[in-house]
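The values are calculated or read from the model by the stated rules, or taken from the named source; none is laboratory data. Remember, predicted model here, so these are calculated numbers, not experimental data. Ideal geometry is used to build each Cβ from the backbone, glycine not excepted, and the neighbour counts take in all protein chains shown. The protein model used for the area step is the full one, side chains on, heavy atoms only, and it has no ligands, DNA or RNA in it. Shrake-Rupley method; radii C 1.70, N 1.55, O 1.52, S 1.80 Å.
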Amino acid sequence: MITGPIENVRYVRHRVGGADYLVATAGSGEPVLLLHGFPQTHYCWRYLIPTLAQRGHSIVAPDLRGYGGSHAEPGGPRGEGFSKREIAGELVELMRSLGFERFAVVGHDRGARVAYRMALDHPGRVQCLAVLNVIPTVDQFGRMANGPSLGYWPWFLLAQPAPFPEQLLEAAPEQFLRFIFGSWPADPAAIDEEAFAVYLDALNETTAPAICSDYRASFWLDQEHEQADRQAARRIECPTLVLTGAAEAQLSDAVAVWREWASDVRADTLPGGHFIPEEAPDALAAALATFLTT
C-alpha cells in the first residue's frame with residue numbers, strides 16, 4: 001500500500017485498543033496532533049508538517065482508525081467501534097504512549113469531529129483546538145434539508161447498512177475520488193496526480209468498511225452523544241480556532257454555530273474550498289502558527 005511517505009517524517013506503528021495505527025511524526029517541542037478527513041490520509045498534511053516542525057513543534061499525524069495504513073476491524077451495524085468518542089479515546093492513549101499528556105489538536109473534516117470530541121471528553125488533555133471546514137455533527141444533520149445538502153451525499157450514502165456502500169466504494173474507487181476531488185476544492189488542481197494516487201491506493205476493500213463505519217457512527221452514535229452534550233450544556237473550554245474555506249458558502253455561519261459549543265472561539269477564512277491543507281497550505285500554516293503561540 002502507498003502510505004504517502006513524506007520527506008523527513010518518521011513512521012511508527014502503535015496498537016491502541018482494537019486498532020493498529022500508522023503514525024507520522026516529525027520535529028520536537030510543543031506537541032500538535034493532526035487529524036485528516038475523508039477520503040484522505042495523513043498525507044494531506046504533507047505541506048504543513050515540515051512548516052510546523054521547523055517552528056518548534058512535535059508533530060503527530062496518524063491515519064484515522066481504519067483509514068489508509070491504520071488497520072481496524074469493521075464496526076458494528078450502528079458504527080460501533082468508530083464513534084468519535086471511541087476514536088478520540090484511542091488517540092489520547094496513543095499520544096500518552098508517545099509521551100504527550102497535553103497537546104494541541106488540529107482536525108479537518110472527519111478528523112475535526114474526532115478533535116472536538118476529544119476536547120469535550122478529555123479537556124485536561126487538549127490545550128487548544130482547531131477545526132477546519134466543519135460544524136458539529138448534530139448541527140450538520142439539522143440543516144440537511146435544502147439545496148446545499150446535495151454536497152453532503154456521503155453522510156447518508158455511506159451510512160447505509162453493510163455491505164451496500166462498501167460494495168460501491170470498492171467497485172468504483174477512482175470514480176468516487178475523481179468526483180470528490182473535482183467538485184469539493186475551489187481549485188481541483190490542488191490535489192495533483194501524485195496525491196490522487198496516494199488516496200486512490202488508500203481506498204480499497206480493507207479501508208472501505210472502516211470508512212462506512214465512520215459514517216454510520218455519525219448517523220447513529222455521534223448525534224446521540226452531541227444531543228446529550230447539548231442537553232447537559234457541556235462546552236469546549238479550551239481556545240478554539242474555526243477555519244473555513246472562502247468557497248464553502250454553506251459554512252458562512254460556522255463561527256456563530258461554534259460559539260454555541262465553545263467558550264473561546266477565534267475564526268479565520270482561508271482561500272479555497274474544502275481541502276484547506278492542500279488548497280491553502282501557507283495561509284493555514286500562518287493561521288496555526290499564530291494560534292498555537294497564543
remark   = Taking the dipole of the stretch 173-219 about the Cα centre (Lys, Arg +1; Asp, Glu -1; charges at Cβ), the one of Asn204, Leu177, Tyr215 that reaches farthest to the positive side is Tyr215
task = Would you calculate, for the chain, the mean residue ellipticity at 222 nm contributed by helices, counting each DSSP H stretch of 4 or more residues as -39,500 (n - 2.57) and dividing by all residues, to the nearest 500?
result = -10500 deg cm²/dmol
inquiry  = So, for the stretch 166-206, what is the accessible surface per residue at a probe of 1.4 Å, expressed in square angstrom?
reply    = 50 Å²
note = Surrounding charge for Ser83, neighbours by C-beta under 15 angstrom, Lys/Arg +1, Asp/Glu -1, total -2
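Averaging sequence separations of C-alpha pairs under 8 Å and six or more residues apart, then dividing by the length of the chain, give the relative contact order as a whole percent. Spell out each step's value before the answer.
Values: 563 pairs, mean separation 63.2, N = 294.
After rounding, I find 21 percent.
Where the only charges are on Cβ atoms (+1 Lys, Arg; -1 Asp, Glu), what is the dipole of the chain about its Cα centre, to the nearest 20 debye? Please report the intermediate quantities before stating the final value.
Numbers: 23 positive and 36 negative charges, 156 e Å.
With Lys and Arg at +1 and Asp and Glu at -1, about 740 debye.
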request  = Note down the relative contact order for the stretch 105-242 as a percent, whole number, built from C-alpha pairs under 8 angstrom at least six residues apart.
outcome  = 37 percent
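Enter the accessible area per residue of the stretch 22-128 (Å², integer; probe 1.4 Å; all protein chains in place). Provide the component values of the computation, followed by the final result.
On the way: 2940 Å² over 107 residues.
I get 28 Å² per residue for the stretch 22-128.
Within 10 Å, count the other beta carbons around each residue, average over each peptide in 19-31, 173-185, 51-63, 206-218, and list them highest first. Write out the running numbers ahead of the final one.
Numbers: 19-31: 19.5, 173-185: 16.2, 51-63: 21.5, 206-218: 24.9.
Sorting 19-31, 173-185, 51-63, 206-218 by mean packing, highest first, produces 206-218, 51-63, 19-31, 173-185.
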note = Ranked by GNM mean-square fluctuation in the chain (Cα springs under 10 Å), the top entry among Ala233, Ala195, Ala254 is Ala233
request  = Just the number, please: carbon plus sulfur as a percent of the accessible area of the chain, 1.4 Å probe, no ligands or DNA/RNA counted.
outcome  = 53 percent
remark   = Answer in debye to the nearest 20: the dipole magnitude of the stretch 161-285 about its Cα centre, from +1 Lys/Arg and -1 Asp/Glu charges placed on Cβ, is 560 debye
query = Along the positive direction of the dipole of the stretch 218-286 (beta-carbon charges: Lys, Arg +1; Asp, Glu -1; about the Cα centre), which of Pro271, Gln231, Pro281 reaches farthest?
reply = Gln231
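Stokes-Einstein diffusion coefficient for the chain at 25 °C in a medium of 0.890 mPa s, Rh from the Kirkwood formula over Cα pairs: what value in µm²/s?
Rounded, D is 131 µm²/s.
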inquiry  = Using the basic label-point model (7 angstrom from Cα toward the beta carbon), what is the Glu260 to Gln167 distance in nanometres?
reply    = 3.8 nm
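Place the peptides 39-47, 234-242 in order of packing, highest mean first, counting for every residue the other Cβ atoms within 10 Å and averaging per peptide.
Details: 39-47: 25.3, 234-242: 20.0.
Descending mean neighbour count gives 39-47, 234-242.
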